[in-house]
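Chemist: Before we start, here is the structure in question, set down as structure tokens.
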Amino acid sequence: MKTVRDIGEFGLIARLRNLLVTKDRSVAVNIGDDCAVLRSGVKGKYLLLTCDPVVEGVHYRPGTPPDRVGWKAMARNLSDIAAMGGLPRWAVVSIGLRPDTPVRNVEQLYAGLRAAAGLFGCAIVGGDTTHVAREPFVVVTLVGEVERRRLVCRSGARAGDAVFVTGKLGGSIRGKHLRFIPRIHEARWLTQHFRIHAMMDVSDGLASDLQRLVDAGAVGFDVVSRAVPRNGSLRAALTDGEDFELLFAVDARDAEALKRRWPFRLPLTEIGRAIRRRMVLLDGVPLTVRGYDHFA
Ligand code: ADP
Ligand code: MG
């Protein structure tokens, strides 16, 4: 019998997508982007909805300080709201705990969750609690909002677009994966000043995430290897993941103005171009390495 390992995480999500097709007119963007995009009835705005888990042993090592785990659990979801150009508003948090967990640890977990949410004016308004026999987990579900004209999806890149990434990629396991700042302010600035054609956050590594932009849209990408801003090797930058930086495409005619006006200390780097062939190329050659897959 076929297992999820056989088809991989991408293959599984593709199947779920076919199962979950909806004709509901309130759903503007269904599975396949960083958040679902919903017509909530608020004039001029969309609701954004996302949920991401963190599980001990998968997303953090046993013994990680609970406030760091809480920060990461919230910040991963905030990063998905950033990727759509939105602002986070409300969160609910489900936790699975072993019965012998010190209460203090749970309070520290929530201090981390609140610190990350509070940085962007997001309130935690509920959740659920269960016991677990083995690995504890935290699942944050986040609701955000975005002005309709500032929504950015994974799908909108056009051939010839300039492709940018914020920050540096790779090596997040050395600590950044527990401490990163979701790029909400940067994404808001981008959508305020430029027409961003497509955007996502880099969670599974540049190689896999560029492929997701290809899958979602009508173009491919050619990346210049020496341009990729990185903390370690090129391979690490392409495949490590958990960078939670912004990856986006703009009209090439906007590239110079964007670089000149970028007001943040965080690096902003042009790494390549969108191309007609729906493939990910590195220096013109098809890229074969892949980033993180939960099952493959
Ligand atoms: P991200 O890393 O930005 O959270 P992914 O690339 O992991 O997003 O997920 C791709 C898409 O698949 C998202 O739109 C997400 O909502 C959807 N998805 C992932 N897992 C499931 C699931 N178990 N059921 C329904 N949709 C899912
Ligand atoms: Mg994402």
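Chemist: At 7 Å along the Cα-to-beta-carbon direction for both residue 111 and residue 173, put a label point, then send me their distance in nm to one decimal.
Modeler: The answer from the label model is 2.9 nm.
Chemist: Given Cα pairs under 8 Å that are at least 6 residues apart, what percent is the relative contact order of the chain?
Modeler: Value for the chain: 22 percent.
Chemist: Cross-chain or 8 or more residues apart, Cα under 25 Å: how many lysine pairs in the chain fit that? Count them up, please.
Modeler: Qualifying lysine pairs in the chain: 7.
Chemist: Using packing as a proxy for protection, rank 143-155, 239-251 so that the peptide with the highest average count of other Cβ atoms within 10 Å comes first.
Modeler: 239-251, 143-155
Chemist: Amide H of residue 169: which non-local residues (sequence gap of 5 or more, or other chain) have their own amide H closer than 5 Å, using H built in the peptide plane?
Modeler: 230, 231
Chemist: Give me the 1.4 Å probe accessible area per residue for the chain, excluding ligands and nucleic acids, in Å².
Modeler: Per-residue accessible area for the chain comes out at 49 Å².
Chemist: If contacts are Cα pairs under 8 angstrom and at least 6 residues apart, what is the relative contact order of region 162-286 in percent?
Modeler: 47 percent
Chemist: Shifting gears a bit: Only loop residues by DSSP count here, and only those with at most 11 other Cβ atoms within 10 Å; note down the trypsin sites (Lys or Arg not before Pro) in region 216-277 that meet that.
Modeler: 265, 276
Chemist: If you don't mind, another one. With +1 assigned to the C-beta of every Lys and Arg and -1 to the C-beta of every Asp and Glu, and no other charges, what is the dipole magnitude of region 32-150 about the Cα centre in debye, to the nearest 20?
Modeler: 380 debye
Chemist: Work out the FRET efficiency for residue 159 and residue 20 from their Cβ-Cβ distance, taking R0 = 22 Å, and round it to the nearest 0.05.
Modeler: Efficiency for this residue pair is about 0.15.
Chemist: On the protein heavy atoms, probe 1.4 angstrom, tell me the percent of accessible surface of region 86-177 carried by carbon and sulfur.
Modeler: 53 percent
Chemist: What FRET efficiency comes out for residue 225 versus residue 260 if R0 is 25 angstrom and r is the Cβ-Cβ distance? Round to the nearest 0.05.
Modeler: Efficiency computed from Cβ-Cβ geometry: 0.50.
Chemist: How would you rank 284-291, 181-188, highest first, on the average number of other Cβ atoms within 10 Å across their residues?
Modeler: 181-188, 284-291
Chemist: State, to one decimal in nm, how far the label point of residue 277 lies from the label point of residue 253, with both points 7 Å from Cα in the Cβ direction.
Modeler: The answer from the label model is 2.8 nm.
Chemist: Ok, one more. Sort 130-138, 168-176, 36-44 by the packing proxy (mean of other Cβ within 10 Å over each peptide's residues), most packed first.
Modeler: 168-176, 130-138, 36-44
Chemist: Counting alpha carbon pairs within less than 8 Å and at least 6 residues apart, what relative contact order, in whole percent, applies to region 32-150?
Modeler: Across region 32-150, relative contact order equals 40 percent.
Chemist: How large, in percent, is the carbon and sulfur part of the accessible surface of region 35-79 at a probe radius of 1.4 Å?
Modeler: 56 percent
Chemist: Quick check: Cα centre of region 184-203 to Cα centre of region 213-262, how many Å?
Modeler: That distance is 12 Å.
Chemist: If I stretch the segment between residue 195 and residue 145 completely, what's the gain in nm (0.36 nm per residue apart, minus their alpha carbon distance), one decimal?
Modeler: 16.2 nm
The values are calculated or read from the model by the stated rules, or taken from the named source; none is laboratory data. Please read all numbers here as calculations on a predicted model, not as lab measurements. For neighbour counting, all protein chains shown are included, and Cβ atoms are generated from backbone atoms with ideal geometry for every residue, glycine included. Ligands, DNA and RNA are stripped out before the accessible areas are found, and what is left, the full protein with its side chains, is counted by its heavy atoms. Shrake-Rupley method; radii C 1.70, N 1.55, O 1.52, S 1.80 Å.
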